[in-house]
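Here is the structure we will look at, set down as structure tokens.
The values are calculated or read from the model by the stated rules, or taken from the named source; none is laboratory data. It should be emphasised that the depicted structure is a prediction, and the values quoted were computed from it without experimental measurement. Here the Cβ positions follow ideal geometry from the backbone for every residue, glycine too, while neighbour counts run over all protein chains shown. Note: areas computed on protein heavy atoms with side chains; ligands, DNA, RNA excluded. Shrake-Rupley method; radii C 1.70, N 1.55, O 1.52, S 1.80 Å.
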Amino acid sequence: MEGSEEDHPWQSYNTVYTTAKAGMEGVDKDKVQRVVYEMSKGSKYFQNEERKEAFIKHKIDNMRLQFANLTQADLSHYQKVADRRILELEASRDLSRIWLHVDMDAFYAAVETLSNPTLKGKPMAVGSMSMISTANYEARKFGVRSAMPGFIARKLCPELIFVPVDFNKYNHYSDLTRKVFQRYDPNFIAGSLDEAYLDITEVCRERNVKSEEIAQEIRASVYEETGLTCSAGVAPNRLLAKVCSDINKPNGQYVLPNDRLAVMTFISSLPIRKIGGIGKVTEQILKEVFGINTCEQMLDKSSYLCALFSQSTADFFYSVGLGLGKTDSPQVRFRKSISNERTFSVTEDEVLLHKKLAELAEMLSTDMQKEGLQGRTLTLKLKTASFEVRNRAVTLQNYINSSEDILKHASKLLKAELPVSVRLMGLRVSQFNGEKFGATPDPRQKTITNFITSGGANRKNSSFSDVADHDFVSDTETDVSIDGRHTDQLDGRDPFDGNHSLDVNYQSCTLWKNDGAEKVQTSDNDDPSSTHSGFTEVLGSTSFQGQFEGKNVNNEFNLLEDDKLNSSCQESIMLWLDDYKCSLCGTELPPSFVEERLEHSDFHFAEKLQKEESSIHPASTPIQRIRSTESIDKANPRSKSCRIRRAGIRPLISFLLESNQSLKLL
DNA sequence: GCGGATCAC
DNA sequence: TATGGTGATCCGC
């Protein structure tokens, strides 16, 4: 870093605003950084950022210590383990698919310019003084970008024009683009309103044209239908395609051929921050602890990564270094939670807070009823005047979705926190009732598979494209699952947590009321099923395994004492032989049947639980067994349908396979 | 099951 | 004056 912190205090204020976005190459980063710092300095928001930053620094120090304490013997051991793992991952590489990622250029801003052409050529941002959603390219030249508060943007660019968001418009144009995508891949994955993944393997083969031409064609069609430009990336997997679509933005494209050497060359100099799932914090940790800046260095430092991170985290990093990513086309995804939250001017007025809570409950209930959802876990989110975020949850015995029920329980959660000075409140409901199992990402992609899994007619009219700015997406979701996993493990791996002065400071900021919290936690929750956490792990492991093509990927990964680790891993892993057959019973399920595979895992897990229980309590009566199964059902809605279907799973599978084939032929 | 945290759009 | 909203996920408790 140039200059001391005393001379240039703004340089130590780590924001996302200076990381290179398309159209911001020529920006004077130091100036932007300085303005952002000057506008923020001293604010509550800024103080909270400082607190978080100090916390990360602390974690980094601990990791450095671990790093420094590794002996030569340690390192040679970890190198062996890492090398083997990298070989296994390499063996899973799939170069048979051609993926295309489309990304609309400055989407909201472009749409607004279409409906008001006088904006053309002028710096403009969609959003408010508080927050900017999208900035056009003229504005980006000034360092204005999404996620930046408007008042700072105006400082950077005084003539900046602000346009309020209008999701009806964006939804309309998004639908137009999707009609184009559908022609090239009926199972395309909508990443959000403005991006999508298309598997163009078949189109290229059938028409015998290069992927480059398909990309040109799609972009031309999108322009023709909407008047909007987009960029495209073509690559052997989704992770790389996404990186590629950013390279020649705006209104450009980049093709990475399905060739291992080309991929490795491409990845070698690529900054890790370009990879989806590696954000500000992960970048900082990898840089400051390991000196890792490029994807290639993930492999160079593999032994250190192996030593300091968990298996799944290290796996993710290696796969980045190898340029691996998902190549399957998941057919269905289910919503797992529904929420709303609002920011308002700070208040500690209990009556006012209760009124706002009632409004949230009302809105949430409406949303849930629209989608036919009922849930049994309710979470209250508070952001205090000092920007500290608190979540407080209850899990009920029955499923709720009426505003009265929601408000009743939310009020209890809130009461336990009072008095408190709040700037945001939110409500979330999760743990849905399995029979009303929510919606698909895009109703137009409906297949026989999700017809069955969602109960067909029982599925409510959830047209997700009407849900405004948050399309419900399979890919976003799965990408997130990757980073959720590794970033969280960065936290979890700090063995010195809770023992340092910094943590004491951290905690002193919070106003934690033990008595209230305890009361709330026990009030409606008299059936804490300890089996559920194990259950979640099963699902997590299997779905994460899907990240890496999974061709006979060996999951025994011996970090320290092999036996200990294996015993905890073994039972949570479902191996799909040749990525097709269940290793336990031979049932055949191709990788695209994501949900079916999860259910299948559930089945084996439930089976295992029952076996364990009968071996632990040999005298247990049938009634006890039934009860144990029920507790699983309550904990996870999937297991019920799993149990219903186990009798006839094979006929069902073959039906699904046939249906899917014929659908693809259409 | 809960709470904190990261990440994406 | 002023730093969003929705959703997903994981780990350590």
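In the stretch A:263-270, the condition of being buried (at least 22 other Cβ atoms within 10 Å of the Cβ), out of contact with any Pro (no Cβ under 8 Å at 6 or more places or on another chain) and in a helix (DSSP H, G or I) is met by at least one residue.
One residue stands out among those in the stretch A:363-383 that are open to solvent by less than 40 Å² (accessible area, probe 1.4 Å) and among the aliphatic types (A, V, I, L, M): the one that is nearest to A:SER430 (Cα to Cα), which is A:LEU378. In the set A:THR113, A:THR134, only one residue is without any contact (Cβ under 8 Å) to a residue 24 or more places away in the chain and either of a type outside the set (S, T, N, Q) or crowded, with 18+ Cβ neighbours inside 10 Å (or both); that residue is A:THR113. Here A:THR18 fulfils each of the conditions (1) more than 16 Å from DNA strand C (Cβ to nearest atom); (2) at pLDDT below 95 apart from (1). Annotation: of all residues in the stretch A:294-332 being among the aliphatic types (A, V, I, L, M) and not in a loop (DSSP other than H, G, I, E, B), the one that is surrounded by the fewest Cβ atoms within 10 Å (Cβ to Cβ) is A:LEU299. Residues that are closer than 27 Å to A:GLN311 by Cβ number at least 1 in the following helices (runs of 4 or more DSSP H) confined to the stretch A:15-109: A:44-68, A:72-91. Screening A:SER386 against (1) more than 16 Å from DNA strand B (Cβ to nearest atom); (2) surrounded by fewer than 19 Cβ atoms within 10 Å (Cβ to Cβ); (3) among the small types (Gly, Ala, Ser) leaves a single unmet condition, (1). With respect to the conditions (1) away from DNA strand C (no atom under 11 Å from the Cβ); (2) within 22 Å of the chain's Cα centre (by Cα); (3) at pLDDT 95 or above, A:TYR399 falls short on a single one, namely (2).
Evaluate the following for A:ALA232: is it away from DNA strand C (no atom under 16 Å from the Cβ), in contact (Cβ under 8 Å) with a residue 24 or more places away in the chain, open to solvent by less than 10 Å² (accessible area, probe 1.4 Å) and part of a helix (DSSP H, G or I)? For A:ALA232, the condition - away from DNA strand C (no atom under 16 Å from the Cβ), in contact (Cβ under 8 Å) with a residue 24 or more places away in the chain, open to solvent by less than 10 Å² (accessible area, probe 1.4 Å) and part of a helix (DSSP H, G or I) - is not met. Are any of the residues in the stretch A:242-262 under 23 Å from the mean Cα position of the chain (by Cα) and either within 16 Å of DNA strand C (Cβ to nearest atom) or assigned by TED's automatic domain parsing to the domain that holds A:LEU89 (or both)? Yes, the stretch A:242-262 contains a residue that is under 23 Å from the mean Cα position of the chain (by Cα) and either within 16 Å of DNA strand C (Cβ to nearest atom) or assigned by TED's automatic domain parsing to the domain that holds A:LEU89 (or both). All conditions in (1) hydrophobic (A, V, I, L, M, F, W, C); (2) part of a strand (DSSP E or B); (3) assigned by TED's automatic domain parsing to the domain that holds A:ASP61 hold for A:VAL346, with the sole exception of (3). When every residue of the stretch A:348-361 is checked against the conditions, none turns out to be open to solvent by 20 Å² or more (accessible area, probe 1.4 Å) and within 16 Å of DNA strand B (Cβ to nearest atom). Pairs please, first residue from the stretch A:182-200 and closer than 17 Å to A:MET104 by Cα and more than 16 Å from DNA strand C (Cβ to nearest atom), second anywhere and open to solvent by less than 30 Å² (accessible area, probe 1.4 Å) and among the basic types (Lys, Arg), Cβ atoms under 9 Å, 6+ apart in sequence or on different chains. Hits for this filter: A:PHE188/A:ARG178; A:ALA196/A:ARG178; A:TYR197/A:ARG238.
Only residues that are away from DNA strand B (no atom under 16 Å from the Cβ) and at pLDDT 95 or above were counted in the stretch A:42-58, giving 1. Restricting attention to the stretch A:332-376, which residues are under 30 Å from A:SER386 (Cβ atoms), away from DNA strand C (no atom under 11 Å from the Cβ) and polar (S, T, N, Q)? Passing the criteria: only A:THR347.
What are the pairs, 6+ residues apart or on separate chains, where a residue within the stretch A:55-77 that is farther than 14 Å from A:GLU288 by Cα has its Cβ under 6 Å from a residue that is part of a helix (DSSP H, G or I)? Pairs found: A:LEU70/A:ALA307; A:LEU75/A:SER303. Quick check, is A:ILE278 within 30 Å of A:SER12 (Cβ to Cβ) and either in contact with a helix residue (DSSP H, G or I) (Cβ under 7 Å, 6 or more places away or on another chain) or part of a helix (DSSP H, G or I) (or both)? Here the answer is yes, as A:ILE278 does meet what is asked.
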